[in-house]
Protein chains: 2
Amino acid sequence: MSTKQKPADRALHLEQFLPYRLNVVGFFASRALGRVYGTRFGIGIPEWRVIAQLGEFGQLTSRDIGELSQMHKTKVSRAVTELDKRGLVTRSENRADRREAFVALTPAGQRIYAQIVPLALAFEERWVEGIAAEELRTFERVLAVLTERGRHLAGAYHAEEA
Amino acid sequence: MSTKQKPADRALHLEQFLPYRLNVVGFFASRALGRVYGTRFGIGIPEWRVIAQLGEFGQLTSRDIGELSQMHKTKVSRAVTELDKRGLVTRSENRADRREAFVALTPAGQRIYAQIVPLALAFEERWVEGIAAEELRTFERVLAVLTERGRHLAGAYHAEEA
DNA sequence: CCTGGTTAGTTACATGTGCAACTAATGTCA
DNA sequence: TGACATTAGTTGCACATGTAACTAACCAGG
């Protein structure tokens, strides 16, 4: 069968293996950024994601937050509870559907959001500094493709269909 | 200088925020690949990383494994213990330095490694299928830069210096 | 209505993980 | 040689997190 190589014949080098590399860079990203708001504001990644979504969209149900920020509903639940305890968010019942509640930032929460945003953007800026804009665009385009495929390959949380 | 925007003025969109995106794609990668060897071989990500490194390098100390695969030493310790219990690796004392031990795959471990490698490569293949080779190269080059910077920004595990 | 199915959100439980402290061995420097 | 620092690896502990089970509310079809 001509020059076509059988997969089994190729070797695996973990440090070049894409899933591994993506996992490592994602880990570094979390950890590095986590320090920024962890040490200064005492909040963790799940809490940060909730704040970020509320800062952007104003008012959301826990379900929406989970969907938008790719977090398990229990993680969202706990993060919202924690933020509520600290007075950074409020929960208000939806009269039209009393199963769900709208979560929103309090003034204190908005202040924290306003403080974190520039730090986060500066962090990102520093991280990609010096990379050519064209290369970065390509990078992000491929990243989007990989993320979308990954979502399906992973079967985001549940959704065992197909 | 004229058009330059101050960071504080820009808005943050989590779904376009690079650290977040990298974390999400890394999460999908782990989860998807984890299914491959998790459901068929009953091993987790740390165990897989240990096996992968041993399959590639033959014999390593736990310290080396941790360094090569970016895992905390306690995670390595537990993964090796688990693999030892299952008869997939052996530990042999280093006479020249009795603090450390060489870990290596047993024949059973090698068989599992030989089974997983083609699955992992096929998974990677399917994941990047259809992406232009040139774009993929650019992607990987940028990824390498981001990983290296991330390592420093995160301060891999300890190394609180500077 | 009311019965069965679905959905938003919480909680009990088990597991995974990092940090700190520890043991045991090696290295260093006087 | 001996005292102190360092390193490989393990373990106690606290905490984070996913799964499954649960509650409460909504929805569909009779």
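The values are calculated or read from the model by the stated rules, or taken from the named source; none is laboratory data. Computed from a predicted model, the values in this text were never measured in an experiment. Backbone-built Cβ (ideal geometry, glycine too); neighbour counts: all protein chains shown. What goes into the accessible areas is simple: the full protein's heavy atoms, side chains included, and nothing from ligands, DNA or RNA. Shrake-Rupley method; radii C 1.70, N 1.55, O 1.52, S 1.80 Å.
Quick check: is even one residue across segment B:113-121 part of a helix (DSSP H, G or I), touching a Phe, Trp or Tyr at 6+ places or on another chain (Cβ under 7 Å) and under 20 Å from residue B:21 (Cβ atoms)?
no
Restricting the search to segment A:67-83, which residues are open to solvent by less than 60 Å² (accessible area, probe 1.4 Å), under 23 Å from residue A:114 (Cα atoms) and more than 8 Å from DNA strand C (Cβ to nearest atom)?
A:69, A:70, A:71, A:79, A:82, A:83
Return yes or no: is residue B:138 assigned to a helix (DSSP H, G or I), in contact with an Asp or Glu (Cβ under 9 Å, 6 or more places away or on another chain) and more than 16 Å from DNA strand D (Cβ to nearest atom)?
Spelling it out, residue B:138 is indeed assigned to a helix (DSSP H, G or I), in contact with an Asp or Glu (Cβ under 9 Å, 6 or more places away or on another chain) and more than 16 Å from DNA strand D (Cβ to nearest atom).
Is it true that residue A:125 is within 8 Å of chain B (Cβ to nearest Cβ), open to solvent by 60 Å² or more (accessible area, probe 1.4 Å) and away from DNA strand D (no atom under 16 Å from the Cβ)?
It is true that residue A:125 is within 8 Å of chain B (Cβ to nearest Cβ), open to solvent by 60 Å² or more (accessible area, probe 1.4 Å) and away from DNA strand D (no atom under 16 Å from the Cβ).
Condition check ((1) more than 9 Å from chain A (Cβ to nearest Cβ); (2) at pLDDT 95 or above; (3) over 22 Å from residue A:128 (Cα atoms)) across all residues:
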residue: B:118; (1), (2), (3): no, yes, yes
residue: B:131; (1), (2), (3): no, yes, yes
residue: B:136; (1), (2), (3): no, yes, no
residue: B:143; (1), (2), (3): no, yes, no
residue: B:146; (1), (2), (3): no, yes, no
residue: B:151; (1), (2), (3): no, no, no
residue: B:158; (1), (2), (3): yes, no, yes
residue: B:162; (1), (2), (3): yes, no, no
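So which residues in segment B:85-114 are within 8 Å of DNA strand D (Cβ to nearest atom) and touching a residue at least 12 places away in the same chain (Cβ under 8 Å), if there are any at all?
Listed by number, the residues that qualify are B:91, B:94, B:100, B:101, B:102, B:103.
Got a sec? Which of A:57, A:41 is touching a residue at least 40 places away in the same chain (Cβ under 8 Å) and either aromatic (Phe, Trp, Tyr) or within 13 Å of DNA strand D (Cβ to nearest atom) (or both)?
Within the list A:57, A:41, the selection yields A:41.
Is it the case that residue B:59 is surrounded by fewer than 20 Cβ atoms within 10 Å (Cβ to Cβ) and under 22 Å from residue B:146 (Cα atoms)?
Against the criterion (surrounded by fewer than 20 Cβ atoms within 10 Å (Cβ to Cβ) and under 22 Å from residue B:146 (Cα atoms)), residue B:59 does not qualify.
For the structure I just gave you, tell me whether residue A:97 is within 11 Å of DNA strand C (Cβ to nearest atom) and outside any helix (DSSP H, G or I).
Numbers: within 11 Å of DNA strand C (Cβ to nearest atom): yes; outside any helix (DSSP H, G or I): yes.
Answer is yes for this residue.
Out of (1) near DNA strand C (Cβ under 9 Å from one of its atoms); (2) away from chain B (no Cβ under 14 Å), the odd one out for residue A:41 is which?
All conditions pass for residue A:41, except number (1).
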